[in-house]
Amino acid sequence: MVAMDGNDELAACLRTWRDRLSPDDVGLPAGGRRRAPGLRREELAGLAGVSVDYLARLEQGRASHPSPSVLAPLARALRLSDDERAHLFRVAGQAEPTAGTINRHLTPSVQRVIDRLGDVPVVVIDAAYEVVAANALAVALTGGKAGRDARGRNIAWAQFTGAPSRFVRDAEESARMDAEVVADLREARGRYPDDVVLRELIDDLIAESPRFAALWEGAPVAPRTASRKSIDHPEVGRITVDCDILLVRGSDLRLIVYTAPPGSPDAQALRLLAAIGTQSFSAPS
């Protein structure tokens with residue numbers, strides 16, 4: 001028997017993992033009869049933010065050494081376990097994430113929690129403030145475009161570079177948010193000294209934003225706490241929600257959960273938003 005090389009092993013794993021997922025597993029419509037089990041190639045490509053052609057080449061063993069920036073979203077889209085994700089990196093010829101880097105992997109168990117919380121907006125971020133996932137209601141409420149690059153998905157980058165936002169903050173709230181983000185990033189840099197993405201984000205923010213640079217120099221200590229946030233939504237108007245941040249044990253992810261008191265006008269607005277959705281999004285924050 002001829003042993004498979006790395007490309008063949010990677011191709012076989014990707015096909016097997018894609019075949020075991022159903023559209024319902026990932027929140028997609030079945031779309032009628034299917035000739036083969038599992039997700040269609042274009043569905044996985046869309047979920048992972050890669051081109052269908054590139055995914056085809058990977059699954060056919062015609063592309064070698066995909067980068068970590070490709071492997072990580074593939075692992076999330078395929079809902080791989082930690083062991084499966086480690087195997088994916090190995091057969092792709094990439095070093096597995098180490099203790100000095102942020103663990104950005106969205107495990108199947110965390111994904112199930114997000115799936116079950118369909119009636120409240122939930123955003124998942126990593127320790128570098130990059131949005132890893134968001135449920136449909138969170139996208140409808142706060143915005144967010146599939147396929148954005150890492151900077152386009154990063155809340156800290158949006159906060160300090162003046163990206164459009166639906167969140168309404170007065171000067172005091174904005175200053176508090178600034179201090180919290182900088183304090184979090186400083187703490188993250190100490191915990192993850194080998195994380196290239198985090199290091200480059202901080203360096204670029206210092207170069208791009210005088211406000212960030214000044215706060216970074218001052219080394220603020222401002223841990224994030226629960227808060228209330230107001231959003232100006234183009235379809236349903238002003239919504240004010242409670243914002244709670246839940247840490248995922250064993251990973252470097254946080255769940256940002258937005259809720260409103262039952263029976264309140266804000267809760268009614270969220271239900272309306274869940275029903276109508278929206279097509280015009282901006283970055284979550």
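List, please: which pairs have Cβ atoms under 7 Å, are six or more places apart or on different chains, and start with a residue in the range 135-152 that is within 14 Å of ILE256 (Cα to Cα) and of a type in the set (Val, Ile, Thr) and end with one that is modelled with pLDDT under 90 and surrounded by 15 or more Cβ atoms within 10 Å (Cβ to Cβ)?
Close Cβ pairs (under 7 Å, with a partner that is modelled with pLDDT under 90 and surrounded by 15 or more Cβ atoms within 10 Å (Cβ to Cβ)) amount to VAL139/PHE281; THR142/PRO284; THR142/SER285.
Could you tell me whether LEU74 is at pLDDT 90 or above and of a type outside the set (D, E, K, R)? Working first, answer last.
Values: at pLDDT 90 or above: yes; of a type outside the set (D, E, K, R): yes.
When the stated conditions are applied, LEU74 passes them.
Report the residue count in the range 116-139 for those that are among the β-branched types (Val, Ile, Thr) and part of a helix (DSSP H, G or I).
Pass one, the range 116-139, residues among the β-branched types (Val, Ile, Thr): 120, 122-125, 131-132, 139.
Of the ones still in play, those that are also part of a helix (DSSP H, G or I) are 139.
Within the range 116-139, residues that are among the β-branched types (Val, Ile, Thr) and part of a helix (DSSP H, G or I) number 1.
What number of residues in the range 5-60 are β-branched (Val, Ile, Thr), within 19 Å of SER81 (Cα to Cα) and touching a residue at least 12 places away in the same chain (Cβ under 8 Å)?
Within the range 5-60, the subset β-branched (Val, Ile, Thr) is 16, 26, 50, 52.
Okay, now just the ones that are also within 19 Å of SER81 (Cα to Cα), so 16, 26.
Among the residues that remain, those that are also touching a residue at least 12 places away in the same chain (Cβ under 8 Å) are: 26.
Final tally of qualifying residues: 1.
Just give me the residues in the range 163-205 being surrounded by fewer than 18 Cβ atoms within 10 Å (Cβ to Cβ) and among the hydroxyl-bearing types (Ser, Thr, Tyr), in sequence order.
Once the filter is applied, which keeps residues that are surrounded by fewer than 18 Cβ atoms within 10 Å (Cβ to Cβ) and among the hydroxyl-bearing types (Ser, Thr, Tyr), the range 163-205 yields only SER174.
Picking from GLN60, GLN111, which residue would you name as being at pLDDT 85 or above and over 19 Å from the mean Cα position of the chain (by Cα)?
On the way: GLN111 fails: over 19 Å from the mean Cα position of the chain (by Cα).
None of the others qualify; the one that does is GLN60.
For the range 175-183, indicate whether the set of residues that are under 18 Å from the mean Cα position of the chain (by Cα), under 20 Å from ILE256 (Cα atoms) and of a type outside the set (Val, Ile, Thr) is non-empty. Reasoning before the result, please.
From the range 175-183, those under 18 Å from the mean Cα position of the chain (by Cα) are 181; that's our starting set.
Next, only the ones that are under 20 Å from ILE256 (Cα atoms) stay: 181.
The next check asks that each one be of a type outside the set (Val, Ile, Thr); those that pass are none.
No; the residues of the range 175-183 include none that is under 18 Å from the mean Cα position of the chain (by Cα), under 20 Å from ILE256 (Cα atoms) and of a type outside the set (Val, Ile, Thr).
Could you run through the range 157-176 and say how many residues are assigned to a helix (DSSP H, G or I) and either in contact with a His (Cβ under 6 Å, 6 or more places away or on another chain) or without any contact (Cβ under 8 Å) to a residue 60 or more places away in the chain (or both)? It would help to see each step written out before you state the result.
Looking only at the range 157-176, we keep the residues that are assigned to a helix (DSSP H, G or I), and these are 157-161, 171-176.
Pick out the ones that are also either in contact with a His (Cβ under 6 Å, 6 or more places away or on another chain) or without any contact (Cβ under 8 Å) to a residue 60 or more places away in the chain (or both) and you get 157, 160-161, 171-176.
Number satisfying all stated conditions: 9.
The values are calculated or read from the model by the stated rules, or taken from the named source; none is laboratory data. No experiment lies behind these values; they were computed from the predicted model shown. FYI the Cβ positions are ideal-geometry reconstructions off the backbone, even for glycines, and counts take in every protein chain you see.
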